[in-house]
Amino acid sequence: MNNIEKIRTLTDLDTHTVLETVPMRIDEYKAVCHEKTAASVSILEKLSLLFSEQLDQKGSQVASTKHPIHIRLSADYLLNLGITISDWISLKWAFESAWHGEQLAVAFFIDGNLERLVVTSEEFVEAFAGYLILQTNGQFEPYIDEFNDNQVYDWRLVRLTQYSQQLSEVNWQDVTAQFINSTLPVMNQ
């Protein structure tokens with residue numbers, strides 16, 4: 001359950017364009033996407049560079065903020081293992097400008113109730129030490145807050161359509177399925 005096809009869709013590339021850049025046949029590409037075979041490090045690097053370049057262009061088209069120094073997706077994100085701070089910065093760059101003031105965030109829930117948001121890169125580093133674990137052994141991981149009596153949260157990637165310090169005034173949309181391959185149920189506000 002990797003993210004290669006998910007990221008290809010996010011970057012608005014068709015499969016033919018990917019295969020022009022990455023030296024694979026269509027059957028090899030599909031086998032990698034469906035985890036029938038493992039991609040080589042070289043293939044992962046080429047996919048990362050291609051997708052990163054596309055995200056950079058996507059963000060640059062409508063940029064309203066300063067360009068980050070790097071736009072580079074990690075192999076961990078392609079393989080659906082985790083989201084690094086570099087992935088986070090790249091995704092925020094590519095999508096937030098097009099969202100016209102709306103923001104990408106990680107939301108924490110207890111029993112379906114919004115309890116906390118991670119919005120900025122600084123908050124991402126503080127909350128996850130710069131690495132949000134997506135899954136281990138094929139299972140999606142809850143977030144365990146070791147600084148808060150090991151409180152266990154369900155988490156989702158959300159698009160903040162209205163942000164406030166008061167969580168009761170926040171409007172959001174679950175966009176997890178747009179960014180990662182998962183079996184997580186959609187959260188509704």
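For ARG72, list long-range residues whose amide hydrogen, built 1.01 Å from N in the peptide plane, is under 5 Å from its own amide hydrogen.
HN-HN under 5 Å from ARG72: SER90.
Given the -39500 (n - 2.57) contribution per DSSP H run of 4+ residues, what per-residue ellipticity at 222 nm results for the chain, rounded to the nearest 500 deg cm²/dmol?
On the way: 8 runs with 71 residues, N = 189.
Value at 222 nm, helices only: -10500 deg cm²/dmol.
Report, in whole Å, the centroid distance computed from the Cα atoms of the stretch 153-186 and the stretch 1-22.
Each part reduced to its Cα centre gives a spacing of 24 Å.
Average the reciprocal distances over every distinct pair of alpha-carbons in the stretch 4-75, invert the result, and give the Kirkwood radius in Å. If you can, show how the numbers build up before the last one.
On the way: mean 1/r = 0.0773 Å⁻¹.
Kirkwood radius, the stretch 4-75: 12.9 Å.
Two decimals, Cα atoms only, Kirkwood Rh: what is Rg/Rh over the chain? Write down the numbers at each step before the final one.
On the way: Rg = 16.7 Å, Rh = 17.3 Å.
Answer for the chain: 0.97.
Which longest run of the chain has no exposed loop site in it, a site being trypsin sites (Lys or Arg not before Pro) in a DSSP loop with at most 14 other beta carbons within 10 Å, and the site itself not part of the run?
Result, exposed sites excluded: 67-189.
Over the chain, what is the relative contact order in percent, taking alpha-carbon pairs closer than 8 angstrom and at least six residues apart?
Normalised by residue count, the contact order of the chain is 19 percent.
Calculate one ³J(HN,Hα) per residue across the stretch 139-145 by plugging θ = phi - 60° into the Karplus curve 6.51 cos²θ - 1.76 cosθ + 1.60, and present them in order as whole Hz with x for glycine and proline.
So the Karplus estimates, Gly and Pro as x, are 10, 6, 9, x, 9, 10, 8 Hz.
Picking from GLN165, LEU81, ASN2, whose Cα lies most toward the positive end of the charge dipole for the chain (charges on Cβ: Lys, Arg +1; Asp, Glu -1)?
ASN2
For the modelled label position 7 Å from the Cα of PHE147 along Cα-to-Cβ, which residues of the stretch 120-136 have backbone nitrogen atoms closer than 20 Å?
120-134
Taking amide H atoms as placed 1.01 Å from N in the peptide plane, list the residues 5 or more away in sequence, or in a different chain, whose amide H sits under 5 Å from that of THR161.
ASN171, TRP172, GLN173
In terms of Cα to Cα distance under 18 Å, which aspartates and glutamates are near enough to LYS30, apart from those fewer than 8 places away along the same chain?
Of all the aspartates and glutamates, those that pass the test against LYS30 - Cα under 18 Å, at least 8 places apart if same chain - are GLU5, ASP12, ASP14, GLU20, GLU45.
Could you give me the percent of Cα pairs per 10 Å distance bin for the stretch 118-189, shortest bin first, beginning at zero and ending with the bin that holds the maximum distance?
Final binned percentages: 17, 47, 35, 2.
Report the one residue of THR120, VAL175, LEU55 whose Cα lies farthest in the direction of the positive end of the charge dipole of the chain (charges on C-beta: Lys and Arg +1, Asp and Glu -1; origin at the Cα centre).
LEU55
Given charges of +1 on the Cβ of Lys and Arg and -1 on the Cβ of Asp and Glu, with all other atoms neutral, how large is the dipole of the chain about its Cα centre, in debye to the nearest 20?
560 debye
For the stretch 59-170, take N as its residue count and report Rg(C-alpha) divided by 2.2 N^0.38 Å.
Values: Rg = 14.4 Å, N = 112, 2.2 N^0.38 = 13.2 Å.
Taking N as the residue count of the stretch 59-170, the ratio is 1.09.
No lab work stands behind these numbers, since they all come straight from the coordinates. Here the structure is a predicted model, which is why all the values come from computation and not from measurement. For neighbour counting, all protein chains shown are included, and Cβ atoms are generated from backbone atoms with ideal geometry for every residue, glycine included.
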